[in-house]
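Here is the structure we will look at, set down as structure tokens.
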Amino acid sequence: MAKASNLTRTDLDSSFESQLSVSSRTSNRSLRVAEKERRKNQIGDPFVLALKYFSEVEAGTACAGNDVLERNLVLVERVGLSRGLPPEAISVMLDYAMSLRMGGVTCVRVLKFLIPATVVPQEAVVRAVSWLCVGKIAISTQVLFLRWVLTVFDMIDSKDHLRAIYGFIFSFVTEENLSPYICHLLYLLTRRESVRPFRVRKLLDLQTKMGRQPFLLHLLSLYKVFYPELVTLALPSRMRSGFKNHNSTWKVALCAVQKRNRGQVSSDISLPLGLKDKTNFRKRKFHHLELPSLSSSIQSNSSSSRSRKVFSLEQLHSFPQLLDNLHCIELPSQMGSLLGSSLALCYLDYVQDDSAFLRLNFWLGHALHEEFLYCSRDGSSGSSSEALHFLNRLLSTQHFLQEGFSSTEGFLYKFLNVWDGSLLRPQILGLLSDIPVVPSSCISQLLFEPLMQLFFTSTLFFKCSVIDCLNNMLLKWLTWHSVYALEDGLDISLNSHTPMNMTLSGFMDSVMELVRFVGRLATVGLQLEGCHSLLLSFILDFYETVCDMFLKYGLPLVVMPPAGVFYPALFATDPVSVDRLSYIMYRYKTNLTSAKCQQQETKQAFHISRQTCQEFNHYLLFMVSCLWNSKMFLPGMAIEVDQELLALSKVPEPWTSFDLNHHPAFLGCALDFHLKCWPERKDIDFNSIKVPQSYYFFRFFCVMYVH
């Protein structure tokens, strides 16, 4: 029985193995049949046949009357403009076009429909660049090719080999027609090791020959970031955009291809493009406000990433992971993607890479200008929410980095001239409060004039928002000064990535101009709004900052509020405003006293002007005489009224109308105090409060009443 059992088990095992073998052979046969069928279909695919034609066509083949050429061109063009071309098709068609096998006419046509579906092989771009040295390609065609490279630059799978031929590309910078595009391409490819003294000299010679062209200045500014000692040319601290947008030929097709392939093609590199519906209020082709996804400039399967340890930002998911890979992180291909990742911003803030900030400023400036300056709008809610999200993200980024971007600053100076004061008001004013110190020589033209026009023609709420914005701006300027200013002269950068040297006197002039400007706005604003208590509250917020500039922020400057602010606050009908004015005057006294003592002790402190002291003494004397001594409207006071006019008013003892127990702001307080002290009295006599033993308690009661 045992033997029979063993035989049965053996037979079962052999039968099972034979079944597995048959199944395996059947599966392999199915795979071979499927592969064979796929190859058969591919061989019969007209698109594949067209690519084969362009890869094998011989140089010198006639193109006039060539029906085969036209049929294949139309086929590839249709695919390129509808679905985009795969990487192998990009390589074939780009090599065919740049080699001029069938003349320059077909080259231009091919470049115009060379729309990538996913990525562009860098080897194809390198081979195409090598064709430029042949000398057969027309200058206009070379310009078109360079524009195409700049358009698809972020879609190139790797940049290592392009950077390896940096010197070859640089040799074309002397071509006058190519120079703007070559400088732009070099700007994108430049790294520290790319900067050489002879290249700096060449650019300086070109600058002498061609003038101060923006594209040359921008490339020189990048070189100066890496090696300041090589670039001795004085570059302006604020330059308009030196590189134009060259993608007008391909942007509609790129946008359509990406929209069609969205959800179908998973690519690590994606341009921030998107075609919006025609009902959208921005008549634009690009989706600039969409933050691109994080993707490394070197792909994980490239030879460079395999040869050295590279950690891409899209693989970063925790702060410990950031610390472990801090020195091998690769910046993304599109710097705008940094705005969407707090960990990426931590890395950017740590490395303090000037070239990274330059790239980010370039992307950010282009997006802001395209979306808010060069587009018409009709109020669609969809795009408003998109812009709101983008600006909120930008604001949170600037608050995280604790500094504003130079591109945002340049955009705001232009946008204020066309802004209606209502579009995205909190975000625009928030960005405005982040701008660094503006030199006093240009602050009026750039900032004050457009704000003044909006302020005087706007609502009460907008006036309050502007005062609050300028208060936040002053706070950030003073905080910057208190943290970074040097004791022996101020000669540092106000924005570490847009350097602007400013002395202490220059900084004080800018602060003085800002405070005086707010004083003018406050004076006229209170007149227009009838001394509204809400507006007065924001104005007093501002002067609470101003009165403590010396002791709290270490700035040797004291600026008194104008009469148009002091007197409306003193005669306000709400007790909070009078109380805050009293506190402001107390802080002014403390700051002036401290500055005077320091000046006498060290003889190195700032000199307090006689006019400032006179203004303070005048305000303080009037305030005490009015509230405490009951000497309002008497001869010799700041406000004098003819005695005959006072008699016509029939107000008994008018000089006591604004003392502490008769002041309109404290009338309710005085009434409440009177009822608590003398509840049995039916007639109310406020003069009884001035009895010495009662007046002390009344002052204490006023303080408790206000607070």
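The values are calculated or read from the model by the stated rules, or taken from the named source; none is laboratory data. Because the structure is a prediction, the values reported are computed rather than measured. Note: ideal-geometry Cβ built from the backbone for every residue, glycine included; neighbour counts use all protein chains shown. Protein only, heavy atoms only, side chains kept; ligands, DNA and RNA dropped before computing areas. Shrake-Rupley method; radii C 1.70, N 1.55, O 1.52, S 1.80 Å.
Observations on the model:
- Within the range 431-447, the only residue that satisfies the criterion of being open to solvent by less than 10 Å² (accessible area, probe 1.4 Å) and more than 13 Å from L474 (Cβ to Cβ) is L431.
- For the range 82-89, the count of residues that are aliphatic (A, V, I, L, M) and modelled with pLDDT of 85 or more is at least one.
- Checked against (1) more than 26 Å from R260 (Cβ to Cβ); (2) in a helix (DSSP H, G or I); (3) open to solvent by 10 Å² or more (accessible area, probe 1.4 Å), C107 meets all criteria but (3).
- Residue ID - modelled with the highest pLDDT, chosen from residues in the range 475-502 that are out of contact with any helix residue (DSSP H, G or I) (no Cβ under 9 Å at 6 or more places or on another chain) and open to solvent by 60 Å² or more (accessible area, probe 1.4 Å): K476
- Here L555 meets each of (1) modelled with pLDDT of 90 or more; (2) open to solvent by less than 30 Å² (accessible area, probe 1.4 Å) with one exception, condition (1).
- Test: residue in the range 138-156 that is open to solvent by 40 Å² or more (accessible area, probe 1.4 Å), modelled with pLDDT under 90 and of a type in the set (K, R): no
Residue-by-condition table, conditions (1) surrounded by fewer than 10 Cβ atoms within 10 Å (Cβ to Cβ); (2) closer than 28 Å to D154 by Cα; (3) at pLDDT 55 or above:
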| position | (1), (2), (3) |
| --- | --- |
| A4 | yes, no, no |
| L7 | no, no, no |
| Q42 | no, no, no |
| F54 | no, yes, yes |
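- Some residue of the range 379-396 being open to solvent by 10 Å² or more (accessible area, probe 1.4 Å) and among the aromatic types (F, W, Y): no
- Candidates Q352, Q315 - the one that is at pLDDT below 80, over 29 Å from E409 (Cβ atoms) and either of a type in the set (S, T, N, Q) or within 24 Å of the chain's Cα centre (by Cα) (or both): Q315
- Test: L235 is at pLDDT below 70 and surrounded by fewer than 19 Cβ atoms within 10 Å (Cβ to Cβ): yes
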